[in-house]
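The values are calculated or read from the model by the stated rules, or taken from the named source; none is laboratory data. Everything quoted here is computed from the prediction, not taken from an experiment. All Cβ positions, even for glycine, are placed from backbone atoms using ideal geometry, and neighbour counts span all protein chains on display. We work out accessible area using only protein heavy atoms, side chains counted, and drop any ligands, DNA or RNA first. Shrake-Rupley method; radii C 1.70, N 1.55, O 1.52, S 1.80 Å.
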Amino acid sequence: MTSSTIAPESPPAPVPALAPKTDIKSLTKEELTRWFGQQGLQAYRASQVMRWIYLKQAENFDAMTDISKKTRLLLNENFSFSLPETRHVAVSADGSRKFLFSLADGNYVETVLIPEKDHYTLCISTQVGCAMGCRFCMTAASGLIRNLKQAEILNQVLGAAGPAGEDKPLRNIVLMGMGEPLANYDNVIRALGIITDSDDGLQFSTRRVTLSTSGIVPRLQDLGRDAKINLAVSLNATDNKTRSRLMPVNAKYPLEQLIQACADYPLAPRNKITFEYILIKNINDTPEDARRLAGLLRPVKAKINLIPFNPHPASDFERPSESRVLAFQRILHDKGYTAVIRYSKGQDISAACGQLAGQKADAKTGCPGPQ
Ligand code: SAH
Ligand code: SF4
């Protein structure tokens, strides 16, 4: 006869907290290759996995049919696999499309797909909000909420590339959406590494990727070393007083330092730095401003984009008249500069430069927000 004893009821053992898995899209190629090596797997397997993620746009590890089941299991155990979560797409009368992507923590980020003649340009964001406080910019109104992770930067490209590719290729990427890219330096450089990886990454030509900055001078030097992409600088004024008023970053890195850093920036032969100049009525749009701008940029290989101010609810500034804009352009032309007037697209859906706010409920886009 057996006697059974009933164990006194004891509380269940605590389940050890699992460390969150690393998102595979937040690794560089070098890191993934190293990981494969540590698992005793061949390096070319890392390339294979990257090609599934970025070229074939697989949605999970199990879709990677030429990777062994055992390796896929190992990948599933060690990494998460984030996907772009499109919350809303607003389509402008001019054909541009604004994507609102939801992030895992409930924040939102905006990305704008702009049709050109035979290709698309994608304007991506690098931060949720922005800390730089420029007085003309809607993104500044929220302040900085947080930096985007490498994966969140890449998922904007992956999320827009499919819809874009239906009629013409997505060929250009501009880092000109929400945020200051040089204030999220490491994640931006890591994402750019994948975007411009011509073997296993997204395969964008470095000549077709442009980073726009408000002018964090010490980072310009780093950028020249770490990425061989095009540079755009938001200038917006020709004297320190006006620029500091419009862009607080100028108090820290005034025009002399910024222009010197631009003159020192390593450019590919025949390449130029694009200077963006928002024309704001009665603030920076006089003929004297145009002449001062021409003088200021002399030491730099420069071209100029003139952007008539895009009005938005967070600013009282106004757009100058068209004749004023044309007069400004003519002076720059006469001084020998290429100066293009850019009326940014997507105004009717708040997708134009400086209008991105990453709001979940946006009256202009008709995005209903959470139900
Ligand atoms: N933070 C970076 C990139 C994002 S801003 C930068 O400042 O360069 C992208 C561009 O939008 C900048 O050139 C900025 O000057 C421009 N911009 C911001 N607000 C604008 C507005 N209301 N109208 C027109 N252009 C604007
Ligand atoms: Fe930030 Fe650029 Fe807007 Fe300035 S213009 S607040 S740097 S996003």
Per-residue ³J(HN,Hα) for the stretch 89-106, Karplus 6.51 cos²θ - 1.76 cosθ + 1.60, θ = phi - 60°, Hz, x for Gly and Pro: 10, 9, 10, 8, 4, 8, x, 6, 10, 9, 9, 10, 9, 8, 9, 4, 8, x
Diffing the stretch 276-282: the Karplus 3J(HN,Hα) column from phi (6.51, -1.76, 1.60, θ = phi - 60°), in whole Hz with x for Gly and Pro, holds 8, 10, 6, 8, 10, 3, 6
Limiting things to C-alpha atoms, what are the Rg and the maximum Cα-Cα separation (Dmax) for the stretch 22-80, in angstroms? 10.2, 26
Using a Förster radius of 25 Å, what is the FRET efficiency between A93 and R171 based on their Cβ-Cβ separation? Nearest 0.05, please. 0.60
DSSP-defined antiparallel bridges as percent of all bridges, the chain, nearest 5: 45 percent
Using a simple charge model, +1 on the beta-carbon of Lys and Arg, -1 on the beta-carbon of Asp and Glu, nothing else, what dipole does the chain show about its Cα centre, in debye to the nearest 20? 940 debye
Within the accessible area of the chain, what % is carbon and sulfur when the probe is 1.4 Å and the other protein chains stay in place? 52 percent
Per-residue HN-Hα couplings for the stretch 295-309, Karplus 6.51 cos²θ - 1.76 cosθ + 1.60 at θ = phi - 60°, whole Hz, x for Gly and Pro? x, 4, 8, 3, x, 10, 7, 10, 10, 10, 9, 9, 10, x, 3
Longest site-free stretch - the chain; sites: GluC sites (Glu not before Pro), DSSP loop, at most 16 other Cβ within 10 Å: 167-317
If I histogram all Cα-Cα distances within the stretch 69-130 using bins 5 Å wide from 0, what percent of pairs lands in each bin? 4, 15, 18, 17, 13, 12, 10, 8, 4, 1
Part-to-part distance (alpha-carbon centres) for the stretch 229-243 and the stretch 276-337, which is given in Å: 11 Å
Work out the charge dipole of the chain with +1 on the Cβ of Lys and Arg and -1 on the Cβ of Asp and Glu about the Cα centre, then indicate which of H119, T33, V89 is farthest towards its positive end. H119
Stokes-Einstein D for the stretch 162-298 at 4 °C, 1.567 mPa s, Kirkwood Rh over Cα pairs, in µm²/s? 80 µm²/s
Using the Cα centre of the chain as origin and beta-carbon charges of +1 (Lys, Arg) and -1 (Asp, Glu), tell me which of A339, M64, V15 is placed farthest towards the positive end of the dipole. A339
Run the numbers for T65 and H333: contour at 0.36 nm per residue of separation, minus the present Cα-Cα distance, in nm. 90.8 nm
Using alpha carbon centers only, the stretch 118-170 is separated from the stretch 26-88 by a whole-angstrom value of 24 Å
Inter-site label distance for R298 and I341 at 7 Å from Cα along Cβ, in nm: 2.8 nm
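Quote the relative contact order of the stretch 22-80 in percent (integer), defining contacts as alpha-carbon pairs under 8 Å separated by 6+ residues.
35 percent
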Computed on alpha carbon atoms, what radius of gyration and Dmax characterise the stretch 157-196, expressed in Å? 11.9, 35
Using helices alone, I'd like the mean residue ellipticity at 222 nm for the chain: each DSSP H run of four-plus residues gives -39500 (n - 2.57), total over residue count, nearest 500. -8500 deg cm²/dmol
Per residue, how much accessible surface does the stretch 172-244 expose to a 1.4 Å probe? Answer in Å², no decimals. 34 Å²
If you look at just the Cα atoms of the chain, how large are its Rg and its Dmax in Å? 24.0, 109
With 5 Å bins from 0: P(r) over the stretch 141-225, alpha-carbon pairs, percent: 3, 13, 23, 26, 19, 10, 5, 1, 0
When the Kirkwood radius is taken over all Cα pairs of the stretch 250-367, what Stokes-Einstein diffusion coefficient follows at 4 °C and 1.567 mPa s, in µm²/s? 81 µm²/s
When the Cα atoms of the stretch 209-270 are enclosed in a convex hull and the volume is divided per residue, what value in Å³ results? 82 Å³
For K21, K252, K69, give the ranking by accessible area with the largest first, probe 1.4 Å. K69, K252, K21
In terms of Cα to Cα distance under 18 Å, which lysines are near enough to K281, apart from those fewer than 8 places away along the same chain? K241
Calculate, in nm to one decimal, what A104 and L73 gain on full extension: separation in residues at 0.36 nm each, minus their alpha carbon distance. 8.8 nm
Taking the stretch 60-186, the lysine pairs whose C-alpha atoms sit under 24 Å apart (8 or more places apart or on different chains) add up to 4
Please name which of M178, C137, V209 has its Cα lying farthest along the dipole of the stretch 135-231 towards the positive end, using unit charges on Cβ (Lys, Arg +1; Asp, Glu -1) and the Cα centre as origin. C137
Can you give the accessible area of H333 in Å² (nearest 10), computed on protein heavy atoms with a 1.4 Å probe? 90 Å²
How big is the convex hull of the Cα atoms of the stretch 296-344, per residue, in Å³? 97 Å³
